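The values are calculated or read from the model by the stated rules, or taken from the named source; none is laboratory data. On a predicted model such as this, the values are computed, not experimentally measured, just so you know. As a convention, Cβ positions derive from the backbone with ideal geometry for all residues, glycine included, and neighbour counts pool all protein chains shown.
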Amino acid sequence: TEHYAVFGHPISHSKSPRIHGLFAEQTRQRIYYAAQDVAADAFKAAADAFFADGGKGLNCTVPLKELAWQYAGRLSERARKSKAVNTLALQADGGIWGDNTDGIGLLNDLTLNHGINLLDSRILILGAGGATRGILAPLLEQHPACIAIANRTLEKAETIVNEFADAKLSCCDYAGLAGRQFDLIVNATSASLGGQLPPLTDDLLAASGCCYDLAYGNQATTFVRWGMARHARKSLDGLGMLVEQAAEAFALWRGIRPDTAPVIALLNRERQ
Ligand code: ATR
């Protein structure tokens, strides 16, 4: 039985052990996957100890993704660009590989699970923190018409736009969104966890546009409810993305990709 874990703070409500347990059952893999409360200042020592004890792979969540990016000896291209790592894997030579499966997780949920096509679409991302960095590269690869990043603190959005240096990428503050419309609005702020929303005008969502909140909860999030009230074609929370990013991590570690649909269906039933 090989050992895996998710590190984060807080971590007690993490669904990752359950998701990886279901994947292991489905693919008949013998793994042990634990959740461990690790604060930022304890991360390096905890990760060193985990791998020294024979651990094979780690997921890292808030607030550790940037530290995990620094910790990894080698990085996938998408992790290098995002400056955030959610998956660490022990390699055969003892090195630690860092990847970021958040963006591909979001993309798989949007396109494969929900049939939302991003080609030529106008995308708005709310927020300019680590979550935004993690999803940008895979979204840009879908050839959208444009991606705008709106953030309360404009400088943080400007830094990301300069780093990614893509002609389709732009940024503004929330006031700068006046009069504009988008086919997909992604909430990547941490505001919705506290029941808050950035200031969004009523006509921001184009007709038959979609909303996606990277956060999730047992009830519809504030942003999901905002989308429903604006008659979004779909207004989704991040549960599907959570399962999809986990499937990508599982595939990286175990070399076999689990079927996500039954796991998403089960978790959806459990929260109703
Ligand atoms: P994460 O790693 O989850 O992205 P983060 O790096 O702390 O977390 O970023 C949180 C994002 O949510 C930021 O873009 C933050 O805006 P600022 O950069 O202006 O701080 C945004 N955010 C948090 N609370 C918010 C609120 N009440 N209204 C608008 N934006 C908010």
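Hey, among 42, 47, 35, which residue is touching a Ser or Thr at 6+ places or on another chain (Cβ under 8 Å), under 25 Å from residue 129 (Cα atoms) and of a type in the set (A, V, I, L, M)?
35
Matching residues to (1) within 19 Å of the chain's Cα centre (by Cα); (2) without any contact (Cβ under 8 Å) to a residue 24 or more places away in the chain; (3) buried (at least 18 other Cβ atoms within 10 Å of the Cβ):
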position: 150; (1), (2), (3): yes, no, yes
position: 177; (1), (2), (3): no, no, yes
position: 184; (1), (2), (3): yes, no, yes
position: 190; (1), (2), (3): yes, no, no
position: 200; (1), (2), (3): no, no, yes
position: 224; (1), (2), (3): yes, yes, yes
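Name the single residue, out of those in the range 54-71 being part of a strand (DSSP E or B) and either under 20 Å from residue 12 (Cβ atoms) or not assigned by TED's automatic domain parsing to the domain that holds residue 16 (or both), that is farthest from the ligand (Cβ to nearest atom).
Pass one, the range 54-71, residues part of a strand (DSSP E or B): 57-60.
Keeping just the survivors that are either under 20 Å from residue 12 (Cβ atoms) or not assigned by TED's automatic domain parsing to the domain that holds residue 16 (or both) gives 58-60.
Working: 58: 17, 59: 15, 60: 11 Å.
Step by step, filter the range 54-71, then rank; the result is 58.
Do any residues in the range 59-86 that are closer than 13 Å to residue 135 by Cα have Cβ atoms under 6 Å from those of residues that are acidic (Asp, Glu) and within 12 Å of the ligand (Cβ to nearest atom), where the two are at least six apart or on different chains, and which pairs are they?
Cβ pairs passing all conditions: 84/66; 86/102.
Could you check, for the range 205-215, whether at least one of its residues is in the same structural domain as residue 114 (by TED's automatic domain parsing), free of Cβ contacts under 8 Å to residues at least 24 places away in the same chain and on the phi > 0 side of the Ramachandran plot?
No, the range 205-215 has no match at all.
May I ask you to say which residue of 211, 171 is within 19 Å of the chain's Cα centre (by Cα) and under 21 Å from residue 133 (Cα atoms)?
211
What are the residues in the range 93-142 that are in a loop (DSSP other than H, G, I, E, B), surrounded by fewer than 16 Cβ atoms within 10 Å (Cβ to Cβ) and out of contact with any Gly (no Cβ under 6 Å at 6 or more places or on another chain), if any?
93, 94, 114, 115, 117, 119, 120, 141 - these are the residues of the range 93-142 that are in a loop (DSSP other than H, G, I, E, B), surrounded by fewer than 16 Cβ atoms within 10 Å (Cβ to Cβ) and out of contact with any Gly (no Cβ under 6 Å at 6 or more places or on another chain).
Step by step: first the residues of the range 138-165, then only those that are of a type in the set (Gly, Ala, Ser) and within 15 Å of the ligand (Cβ to nearest atom), then the one that is nearest to residue 84 (Cα to Cα). Which residue is that? Spell out how you get there, then give the answer.
Residues of the range 138-165 of a type in the set (Gly, Ala, Ser): 145, 148, 150, 157, 165.
Now narrow it down to the ones that are within 15 Å of the ligand (Cβ to nearest atom): 148, 150, 157.
Details: 148: 20, 150: 20, 157: 16 Å.
Applying the filter and picking the extreme gives 157.
State whether one or more residues within the range 180-199 are part of a helix (DSSP H, G or I), modelled with pLDDT of 95 or more, of a type in the set (A, V, I, L, M, F, W, C) and within 16 Å of the ligand (Cβ to nearest atom).
Checked the range 180-199: no residue is part of a helix (DSSP H, G or I), modelled with pLDDT of 95 or more, of a type in the set (A, V, I, L, M, F, W, C) and within 16 Å of the ligand (Cβ to nearest atom).
Condition first: at pLDDT 95 or above, outside any strand (DSSP E or B) and either within 12 Å of the ligand (Cβ to nearest atom) or not assigned by TED's automatic domain parsing to the domain that holds residue 13 (or both). Can you find one or more residues in the range 244-257 that meet it? Quick ask: steps written out before the conclusion?
Applying the first criterion (at pLDDT 95 or above) to the range 244-257 yields 244-257.
Pick out the ones that are also outside any strand (DSSP E or B) and you get 244-257.
Remaining after also requiring either within 12 Å of the ligand (Cβ to nearest atom) or not assigned by TED's automatic domain parsing to the domain that holds residue 13 (or both): none.
There is no residue in the range 244-257 that is at pLDDT 95 or above, outside any strand (DSSP E or B) and either within 12 Å of the ligand (Cβ to nearest atom) or not assigned by TED's automatic domain parsing to the domain that holds residue 13 (or both).
Go through (1) outside any helix (DSSP H, G or I); (2) hydrophobic (A, V, I, L, M, F, W, C); (3) loosely packed, with under 13 Cβ neighbours inside 10 Å and name the single condition residue 265 misses.
For residue 265, the exception is condition (1).
Test residue 84 against the stated conditions and say whether it is among the small types (Gly, Ala, Ser), within 14 Å of the ligand (Cβ to nearest atom), part of a loop (DSSP other than H, G, I, E, B) and in contact with a strand residue (DSSP E or B) (Cβ under 6 Å, 6 or more places away or on another chain). Show your work before the answer.
Numbers: among the small types (Gly, Ala, Ser): yes; within 14 Å of the ligand (Cβ to nearest atom): yes; part of a loop (DSSP other than H, G, I, E, B): yes; in contact with a strand residue (DSSP E or B) (Cβ under 6 Å, 6 or more places away or on another chain): no.
No: the conditions fail for residue 84.
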